[in-house]
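Undergrad: Starting off with a structure, shown below.
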Amino acid sequence: MRLSYTKALNRALADELADDPAVCVFGEDIGAGMAGPTLGLLDRFGPDRIVDTPLSEQAFTAMALGAALAGRRPVLEFQIPSLLFLVFEQLVNQAHKFSLMTGGQAGVPLTCLVPGSGSRDGWAGQHSDHPYSLFAHAGMKTVVPATPTDAYGLLRSAIRNPDPVVVFAPAAALPVRETVTWELAPIPLGTARVHRSGTDVTLVAVGHLVHDALAVAEELAGEISVEVLDPRTLHPFDWAALGASLERTGRLVVIDDSNRSCGIGAEVLATAAEEFRLTAPPRRVTRPDGAVLPFAPALDRALQPDREQLRHALRAVMK
């Protein structure tokens, strides 16, 4: 079976809706499936569970938070990642903290799905962020799948989780297709995946950049043995998997398509320097500090990490 990333999200939603009557979906234009993951769900599960909302993220997030407290498992679709800024207080200060501040007496099993995080051709500054580091910093469970099977398995686990989870589906990963010869299943949050084994450098790649990392690792195979590690979940992060990889390689490069300062790349480098064995200074490949992607496609691409920058970082850490 050939499975696309978007179809994997759609199938995960459909399977959870079928398995658990408490699951429901809120969002704008989800009845028509405009973004892809909710296509066909309205016809199958009806308007009581697939709820087209007005153009107000704060309104439907508040509605979903209340539904979660009342025993439902809502999934919110945000078609543009920057819309999360509008509801940041509701998610981080309310949904995330509610179970802790009530001593576990009430929970908020709420999932936010962002099918199109990051740059899409010419979508400009207000539509092209990857704000996952903000949620990881706040302590919310934060997921960035790179492949269709991971998108399926991690979304199902996110929906089943008793806490709020934000699932970022990078726009550049949506066209990815994967041949699947096994039964799809949930994947536990907080578990990394080694896509390629190596002995010289550990390359941590976030989201869609896993595919660029694998391409560069293959290209440099005769020169550098690169191990490609996909964290999959940014919080909780699988530090044990990173430590095991660095025991084999002793060198670290991180590639992350978000801004440099205070990004997840900085956290990986800092923790590696504090906790693990490094034989060379680590490197990170990111967007520049404070980057805001412009409308012009050439300028948009110039601000994103690319394969040439990655080649340079891998060679530099080997010196």
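The values are calculated or read from the model by the stated rules, or taken from the named source; none is laboratory data. Computed from a prediction, not measured in an experiment: that's the story for all the values here. Backbone-built Cβ (ideal geometry, glycine too); neighbour counts: all protein chains shown. With ligands, DNA and RNA removed, areas are computed over all heavy atoms of the protein, side chains included. Shrake-Rupley method; radii C 1.70, N 1.55, O 1.52, S 1.80 Å.
Undergrad: Taking the condition more than 23 Å from the chain's Cα centre (by Cα) and either open to solvent by less than 60 Å² (accessible area, probe 1.4 Å) or over 30 Å from ASP257 (Cα atoms) (or both), does THR102 pass?
TA: Considered against the rule, which asks whether it is more than 23 Å from the chain's Cα centre (by Cα) and either open to solvent by less than 60 Å² (accessible area, probe 1.4 Å) or over 30 Å from ASP257 (Cα atoms) (or both), THR102 comes out as yes.
Undergrad: Please work out which one of (1) open to solvent by less than 20 Å² (accessible area, probe 1.4 Å); (2) closer than 26 Å to THR147 by Cβ; (3) in a loop (DSSP other than H, G, I, E, B) is the condition LEU3 fails and give its number.
TA: The one condition LEU3 does not meet is (3).
Undergrad: Another question, if that's okay. Taking ASP29 as meeting all but one of (1) open to solvent by 70 Å² or more (accessible area, probe 1.4 Å); (2) modelled with pLDDT of 95 or more; (3) out of contact with any Phe, Trp or Tyr (no Cβ under 9 Å at 6 or more places or on another chain), write down the number of the exception.
TA: (2)
Undergrad: Any idea which of (1) touching a strand residue (DSSP E or B) at 6+ places or on another chain (Cβ under 6 Å); (2) at pLDDT below 95; (3) not aromatic (Phe, Trp, Tyr) is the one VAL51 doesn't satisfy?
TA: That leaves (2) as the condition not met.
Undergrad: State which residue pairs qualify: first residue assigned to a helix (DSSP H, G or I) and inside segment 9-22, second residue of a type in the set (Lys, Arg) and crowded, with 17+ Cβ neighbours inside 10 Å in any location, beta carbons under 8 Å apart, and separation of 6 or more residues or different chains.
TA: Note: pairs meeting the criteria are ALA12/ARG156; ASP15/ARG156; GLU16/ARG73; GLU16/ARG156; GLU16/ARG160; LEU17/ARG49.
Undergrad: When you scan segment 283-319, how many residues do you find that are part of a helix (DSSP H, G or I), modelled with pLDDT of 95 or more and within 19 Å of SER119 (Cα to Cα)?
TA: Selection size over segment 283-319: 4.
Undergrad: Could you run through segment 42-59 and say how many residues are in contact (Cβ under 8 Å) with a residue 12 or more places away in the chain, within 22 Å of SER117 (Cα to Cα) and assigned to a helix (DSSP H, G or I)?
TA: Result for segment 42-59: 2.
Undergrad: Within segment 60-116, take every residue that is among the β-branched types (Val, Ile, Thr) and outside any helix (DSSP H, G or I) and give me the one that is farthest from THR38 (Cα to Cα).
TA: THR102
Undergrad: Against the condition out of contact with any Ser or Thr (no Cβ under 7 Å at 6 or more places or on another chain) and either surrounded by 13 or more Cβ atoms within 10 Å (Cβ to Cβ) or within 17 Å of HIS208 (Cβ to Cβ) (or both), how does ARG277 come out, does it pass?
TA: no
Undergrad: Let me ask you something else. Can you pull out the residues in segment 283-319 that are among the β-branched types (Val, Ile, Thr) and in contact with a strand residue (DSSP E or B) (Cβ under 8 Å, 6 or more places away or on another chain)?
TA: At the first step, the residues of segment 283-319 found to be among the β-branched types (Val, Ile, Thr) are 285-286, 292, 317.
Passing the criteria: VAL285, THR286, VAL317.
Undergrad: Only one of (1) more than 19 Å from MET1 (Cβ to Cβ); (2) surrounded by fewer than 24 Cβ atoms within 10 Å (Cβ to Cβ) fails for VAL143. Which number is that?
TA: Only one criterion is unmet by VAL143, namely (2).
Undergrad: Filter segment 56-99 for residues that are of a type in the set (Asp, Glu) and open to solvent by less than 20 Å² (accessible area, probe 1.4 Å); which is modelled with the highest pLDDT? Break it down into steps so the answer makes sense when it comes.
TA: Let us first name the residues in segment 56-99 that are of a type in the set (Asp, Glu), namely 57, 77, 89.
Checking the rest, the ones that are also open to solvent by less than 20 Å² (accessible area, probe 1.4 Å) come to 57, 77.
Working: GLU57: 94, GLU77: 97.
Looking at the filtered set, the residue picked out is GLU77.
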